[in-house]
Amino acid sequence: MQCQQHRQPELVEGSLPVFVFPTELVFYADEQSSHKQVLTLYNPYEFALKFKVLCTAPNKYTVVDATGAVKPQCCVDIVIRHRDVRACHYGVYDKFRLQVSEQSQRKALGRKEVTATLRPSASQEPPSPRTQDEERRIKEQFADSEFFEQTAFQTESRPVAGGPSLLTVLLGLVCMAVLMLPTLGEQESTVPVYLHLSVNKKLVAAYVLGLLTMVILRT
């Protein structure tokens, strides 16, 4: 009797549920601490996901790691900062879209949209459920809205180590030159006597050169 092999059905583009919390970001102009919000993307599946953050108004926000990956049954925090808290933006709804796909594929398996709005003050507006008129107005506003790639963001990535600075390199060259000069007391040398250095000075140069080498190797 042959066993029938069960194959997992291929996921249709856009059909995968995406789990994000919160589903709404509220920034308050008079509260500096609220200008930084965190979106948490959860991956409850048995396979890794890669994600991309899109936005209808990327010029207003900075996003730390607008693209990335989430391991199976793990989550990742995405930091979003509001960078333009002028009064002309009060009450305007923007939208973020989190788009996910399998790491080996390019098509978007799922997406989730999160609204974001700037308000003058938390004390002036006690939290209350949205009215039906407000929900309808938001839906109409985003009916034909355009989402932009993460390259349009003022992207704030985590610092990446670069090469050694020019000052570090020059200081290293000076230390090497010091070590190449003759030691004080050497008779057979064509170098002027005032360039003959003591053993202590050479030891200091060797010590500094060692520290610089460690710094360069770490960068």
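The values are calculated or read from the model by the stated rules, or taken from the named source; none is laboratory data. Because the structure is a prediction, the values reported are computed rather than measured. Here Cβ is always computed from backbone atoms with ideal geometry, including for glycine, and neighbour counts include all displayed protein chains. Quick note on the areas: whole protein, heavy atoms, side chains included, nothing else; ligands and nucleic acids left out. Shrake-Rupley method; radii C 1.70, N 1.55, O 1.52, S 1.80 Å.
Numerical summary
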item	result
Pairs, first of a type in the set (A, V, I, L, M) in region 32-57, second part of a helix (DSSP H, G or I) and open to solvent by less than 50 Å² (accessible area, probe 1.4 Å), C-beta under 6 Å, six or more apart	53/150
Residues (assigned to a strand (DSSP E or B), under 11 Å from residue 50 (Cα atoms) and either within 19 Å of the chain's Cα centre (by Cα) or not charged (D, E, K, R) (or both)) located in region 95-109	98, 99, 100, 101
Complete set of residues in region 29-82 that are more than 20 Å from residue 107 (Cβ to Cβ), basic (Lys, Arg) and part of a strand (DSSP E or B)	36, 81
Output for region 61-71, where each listed residue is surrounded by 22 or more Cβ atoms within 10 Å (Cβ to Cβ) and more than 14 Å from the chain's Cα centre (by Cα)	none
Only listed residue being farther than 17 Å from residue 95 by Cα and either open to solvent by less than 20 Å² (accessible area, probe 1.4 Å) or touching a residue at least 60 places away in the same chain (Cβ under 8 Å) (or both), chosen from 25, 16	16
Close pairs (7 angstrom Cβ cut-off, 6 or more residues apart or separate chains): surrounded by fewer than 19 Cβ atoms within 10 Å (Cβ to Cβ) in region 90-103, at pLDDT below 90 and of a type in the set (Lys, Arg) anywhere	none
Residue check for residue 85: open to solvent by less than 60 Å² (accessible area, probe 1.4 Å), in a loop (DSSP other than H, G, I, E, B) and modelled with pLDDT of 90 or more	yes
Restricting region 33-45 to residues that are exposed (fewer than 15 other Cβ atoms within 10 Å of the Cβ) and under 20 Å from the mean Cα position of the chain (by Cα), the residue that is nearest to residue 100 (Cα to Cα)	40
Subset of region 174-219 that is open to solvent by 40 Å² or more (accessible area, probe 1.4 Å), in contact with a Ser or Thr (Cβ under 7 Å, 6 or more places away or on another chain) and assigned to a helix (DSSP H, G or I) - its residue that is modelled with the highest pLDDT	199
